[in-house]
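In what follows, a single structure is set out as structure tokens and then discussed.
Each value in this text was obtained by applying a stated rule to the coordinates, not by laboratory testing. From a predicted model like this one, the values you see are computed outputs, not experimental measurements. Because the Cβ atoms are built from the backbone with ideal geometry, glycine has one as well, and the counts that use them run over all protein chains shown.
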Amino acid sequence: MRWLVGLWVLAAPVGAATLEILHEGYVRAEQGRVGSTITLVQSDDLVLVADPGMASEEQWDQVMVRLRAQGVNPDSVTHVFISHHHPDHLTRVGVFPHAALVDYQGIYRYDTLMPHPSPHTLAPGVTVIQTPGHTREDASLLVETDEGTYLLTHMWWANGQPEIDPLAQDQAQLERSQAAWVDKVDWIVPGHGPVYPAKGREPAQ
């Protein structure tokens with residue numbers, strides 16, 4: 001993995017998923033500002049953007065620059081994944097006009113809803129799982145790469161925090177969801193912060 005124009009670029013063998021961070025999220029409550037972590041995932045014919053939500057105007061422009069640097073245009077995105085239905089994670093969903101929307105219970109394309117189970121594989125190495133707690137409709141995305149398994153999730157906002165989610169609909173359920181997955185992945189991509197290791201690992205340089 002190497003750092004390139006603000007992206008985690010993960011080398012992977014043919015057939016494995018790849019993952020790039022397009023925008024590191026944040027919560028700046030004292031300024032009334034919040035930004036979602038936005039991620040590009042690719043596997044076979046799948047071109048997925050996860051949680052395309054709030055970011056400053058300048059930061060969103062950079063998201064588009066970084067997306068196109070990977071050879072991806074908004075028209076070529078096949079799926080948009082949202083971890084939950086809070087506006088800060090979905091304000092830019094409409095930027096991707098041909099993308100199917102994926103959430104905790106289904107895949108939505110034009111006027112069609114296709115329910116899916118949990119877990120549900122979207123493409124090799126890319127799996128949707130239900131992880132309720134922050135909201136009852138929370139989902140996370142497992143992405144298997146050559147660097148290990150990444151968990152795109154809002155079970156944590158940033159770097160294992162907060163210990164108690166002030167917005168959780170069900171804190172006890174959230175803790176059960178966290179416990180079920182934290183030891184099964186290598187890296188966590190939280191809802192509002194940079195990638196961090198799930199098991200004390202350090203990102204490869």
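Quick notes on this structure:
- FRET efficiency, 1/(1 + (r/R0)^6) with R0 35 Å, evaluated for Lys199 and His85 via beta carbons: 0.70
- Evaluated over the Cα positions of the chain, the convex hull gives a direction-averaged projected area, one quarter of its surface, of 10.8 nm².
- Based on C-alpha pairs under 8 angstrom that are at least 6 apart in sequence, the range 100-173 has a relative contact order of 22 percent.
- Under 5 Å from the amide H of Trp156 lie the amide H atoms of Gly191, each residue being 5 or more positions distant or on a separate chain, with H modelled from the backbone and absent for Pro and chain starts.
- Full extension of the chain between Ser118 and His98 gives 4.8 nm of extra length, using 0.36 nm per residue less the Cα-Cα distance.
- Relative contact order for the chain, counting Cα pairs under 8 Å that sit 6 or more residues apart, in percent: 19 percent
- Across the chain, the longest run free of exposed loop sites, meaning trypsin sites (Lys or Arg not before Pro) lying outside DSSP classes H, G, I, E and B with no more than 15 other Cβ atoms within 10 Å, spans 1-135.
- Theoretical gain in end-to-end length, Gln161 to Asp111 [0.36 nm per residue, Cα-Cα removed]: 14.2 nm
- Shown here for the range 136-192: GluC sites (Glu not before Pro) in loop regions (DSSP other than H, G, I, E, B) with at most 14 other Cβ atoms within 10 Å, namely Glu163.
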